């Protein structure tokens, strides 16, 4: 897992020891003549070591972590760093520009996080090819940040449980624990969701690179909560860097115990209306019993309750929502099951 130790080249440019660089990497030219490009920010330490890549806004509506990636990049001191930090604050510029989850076109590859390393020549495939070639393939570890769209908040880390090399999954777990999240899910990311062509499925399943899908926070919950989530995520990345030997100093504090679970339940509406939430942003990681009323879908027209959303089992809430209008399937609640025997606590 020592990829990237012999130097880093981004966009044809070799990054020297102790150097910071912001590099514009061309991807293609669009029909209106505009250039589609990716900005990659690199901090290379004065000593060789691992290469950590941070990816943000693979889905255009999930822009919360752009600020987090900016802070980590600016606050990383090359003089105190072993190895290299690569950050891509916006992996999907067209989707961000339209505030949409997926690429706004009629391609066969609309979801950038389902097509790595890019097979075709659609814009999304070309983005995937560029990200894979310039960043993921020369990394020692990948962290891909995701979160819900406006109105929903997350607290979870996703790692692979079905990787061809079990030791890669175990190393991913070690780094996820170092991140300090109270909830970590080991899932079949290659044979299940999000699949072998997701960023972490490709990194862990094909390249044999430890990979974390980090979901912390959301937007629409007020500055106090959102700033806490930003600070928690920055500390978490520092914890990963310390565990990888990239920085010195004591690791950030971790929760007294952390849950590693395998069974997740999505409790999302099947009918459209107005979600009246009983568990908002401050309820993340709260334990609930089976049958707990999490929220109700209210008709905006008749004001009647048309659906109740209840916990299907006992567990910890790893995503929650505020009151907001929902379509069938929109984000509401996620439950990390703790009562089925597959969950374990790490003290």
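The values are calculated or read from the model by the stated rules, or taken from the named source; none is laboratory data. As the structure is a prediction and not an experimental result, all values here were calculated from the model. Cβ placement follows ideal geometry from the backbone for every residue including glycine, while neighbour counts extend to all protein chains displayed.
Sort out which residues of the stretch 188-199 are farther than 12 Å from residue 116 by Cα and either surrounded by fewer than 21 Cβ atoms within 10 Å (Cβ to Cβ) or outside the structural domain of residue 213 (by TED's automatic domain parsing) (or both), and write them in order of number. Of everything in the stretch 188-199, those that are farther than 12 Å from residue 116 by Cα and either surrounded by fewer than 21 Cβ atoms within 10 Å (Cβ to Cβ) or outside the structural domain of residue 213 (by TED's automatic domain parsing) (or both) turn out to be 188, 191, 192, 193.
Residue count for the stretch 173-192, restricted to those that are in a strand (DSSP E or B) and closer than 23 Å to residue 235 by Cβ: 4. Looking at 156, 144, 161, just one residue is within 15 Å of the chain's Cα centre (by Cα) and over 28 Å from residue 22 (Cα atoms), and that residue is 156. Of the set (1) under 18 Å from the mean Cα position of the chain (by Cα); (2) surrounded by 22 or more Cβ atoms within 10 Å (Cβ to Cβ), all apply to residue 219 but (2).
Filtering the stretch 29-42 to residues that are loosely packed, with under 14 Cβ neighbours inside 10 Å and either touching a residue at least 60 places away in the same chain (Cβ under 8 Å) or at positive phi (or both) leaves 30, 33.
From the list 195, 204, the lone residue that is assigned to a helix (DSSP H, G or I), closer than 21 Å to residue 262 by Cα, over 14 Å from the mean Cα position of the chain (by Cα) and touching a residue at least 24 places away in the same chain (Cβ under 8 Å) is 204. Residue count for the stretch 43-75, restricted to those that are out of contact with any helix residue (DSSP H, G or I) (no Cβ under 7 Å at 6 or more places or on another chain), without any contact (Cβ under 8 Å) to a residue 60 or more places away in the chain and buried (at least 23 other Cβ atoms within 10 Å of the Cβ): 0. Is it the case that the stretch 319-331 has a residue that's part of a loop (DSSP other than H, G, I, E, B) and without any contact (Cβ under 8 Å) to a residue 40 or more places away in the chain? No, every residue in the stretch 319-331 fails to be part of a loop (DSSP other than H, G, I, E, B) and without any contact (Cβ under 8 Å) to a residue 40 or more places away in the chain. Filter the stretch 239-264 down to residues that are modelled with pLDDT of 95 or more and surrounded by 14 or more Cβ atoms within 10 Å (Cβ to Cβ), then give me how many there are. Count: 15. Candidates 297, 288, 267: the one that is under 21 Å from the mean Cα position of the chain (by Cα) and either surrounded by fewer than 20 Cβ atoms within 10 Å (Cβ to Cβ) or modelled with pLDDT of 95 or more (or both) is 267.
Do we find a residue being out of contact with any strand residue (DSSP E or B) (no Cβ under 6 Å at 6 or more places or on another chain), surrounded by fewer than 22 Cβ atoms within 10 Å (Cβ to Cβ), over 20 Å from residue 84 (Cβ atoms) and without any contact (Cβ under 8 Å) to a residue 40 or more places away in the chain anywhere in the stretch 130-152? There is no residue in the stretch 130-152 that is out of contact with any strand residue (DSSP E or B) (no Cβ under 6 Å at 6 or more places or on another chain), surrounded by fewer than 22 Cβ atoms within 10 Å (Cβ to Cβ), over 20 Å from residue 84 (Cβ atoms) and without any contact (Cβ under 8 Å) to a residue 40 or more places away in the chain.
Of the residues 105, 77, 111, 125, the single one that is assigned by TED's automatic domain parsing to the domain that holds residue 248 and at pLDDT below 95 is 105. If I ask for residues that are part of a helix (DSSP H, G or I) and surrounded by fewer than 16 Cβ atoms within 10 Å (Cβ to Cβ), which ones from the stretch 95-118 would you list? Matches in the stretch 95-118: 97, 98.
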